[in-house]
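These notes concern the structure reproduced below.
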Amino acid sequence: MSNKPVKILSLEYLTQNVIKVRVERPETLHYNPGQAVNISINEPEWCERKNAFSLTSIPEDNYLEFVIKIIENSSQFLGKLITLKPGDELIIHEAFAGLPYKGEGLFIAGGVGVAPFISMFKHLKQNNNLANNKLLFANRTSSDIFLFDYFKEILGDNFINILSEEKHEDFHHGLLSADFLKEFTDHTTQYYYICGSLAMVNYVSDQLISLGVEEKFILKEGY
């Protein structure tokens, strides 16, 4: 595909440090739910710098969407990104990698690691194929949870939240340990999709293996 600049359509804060960005969709871009693209900012000193983000839109959308976390001491790219406004331009590169959907299972996300799952759930919902998929969303505090209403609407009781740094009457509290995860591993031949920080992904994978889950059923992506 040619990397033709596209305009930003909107930027919206979902929490104090998570933004949703929508941009025009390049006509030549093809992608699957769960994939990512590299993004550049269409300005002289930024157009050669690429940063990878998961797509949260689905292939049927006429726009592209991303959910991006802005952290303290964030990269120069993120610092620049949050100064942009609708009408400014980004360069979208080809789609790559991502977690493929292989079948029903438990999706385990740490914070903004839920991003590739957003596209996958939207696509499953559109095709009436959500089945008994579950989302286990791990955050530090309740204020870090985003898209709560959306996930609750489409998943109901299959949307489970756990907080590591806050006790809240509506959510679980603690870590994604084997003791906690065993409640959701009723059979070890379902798929387990994990996305989050590399440390979190490796930890959760080890916990699942300790519960008897075979590695071939664990699909993971860390950053």
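Counting protein heavy atoms only, the chain has 46 percent of its accessible area on carbon and sulfur, 1.4 angstrom probe.
Close amide H contacts of residue 41 (hydrogens built in the peptide plane, cut-off under 5 Å, sequence separation of 5 or more or a different chain): 49, 91. Principal-axis analysis of the Cα atoms of the chain puts helix 115-126 at an angle of about 80° to the longest axis. Average accessible surface for the chain: 50 Å² per residue, computed with a 1.4 Å probe over protein heavy atoms with every protein chain in place. Based on the convex hull around the alpha carbon atoms, the chain presents an average projected area of 12.3 nm². Measuring from a point 7 Å past the Cα of residue 47 along Cα-to-C-beta, which residues in segment 77-114 have an amide N at less than 19 Å? The answer is 77, 80-81, 84-85, 87-94, whose backbone nitrogens lie closer than 19 Å to the label point. Distances between placed amide hydrogens fall under 5 Å for residue 14 paired with 19, 20, all partners being 5 or more residues away or on another chain. Which one, 26, 44, 59, has the greatest fluctuation when you compute a Gaussian network model over the chain with C-alpha springs under 10 angstrom? Taking springs between Cα atoms under 10 Å, the residue moving most is 44. Separation of segment 154-223 and segment 124-147, taken as the distance between their Cα centroids, equals 12 angstrom.
Taken along the Cα-to-beta-carbon direction at a fixed 7 Å, the label points for residue 214 and residue 130 span 3.0 nm. Helices in the chain, meaning DSSP H runs of at least 4 residues, each add -39500 (n - 2.57). Divided by all residues, the mean residue ellipticity at 222 nm is -5500 deg cm²/dmol.
For segment 152-204, the relative contact order comes to 20 percent (Cα pairs under 8 Å, sequence separation of at least 6).
Solvent-accessible surface of protein heavy atoms, probed at 1.4 angstrom with all chains present, puts 84, 211 in the order 211, 84, largest first.
Between the amide H of residue 219 and those of 192, 193, 194, distances stay under 5 Å, these residues lying 5 or more places away or on another chain, with hydrogens modeled in the peptide plane.
Looking at the chain alone, DSSP beta bridges between its own residues are antiparallel in about 50 percent of cases.
The values are calculated or read from the model by the stated rules, or taken from the named source; none is laboratory data. Remember, it's a predicted structure, so these values are computed and weren't measured experimentally. With ideal geometry, Cβ positions are generated from the backbone for all residues, glycine too; neighbour counts draw on all protein chains shown. Quick note on the areas: whole protein, heavy atoms, side chains included, nothing else; ligands and nucleic acids left out. Shrake-Rupley method; radii C 1.70, N 1.55, O 1.52, S 1.80 Å.
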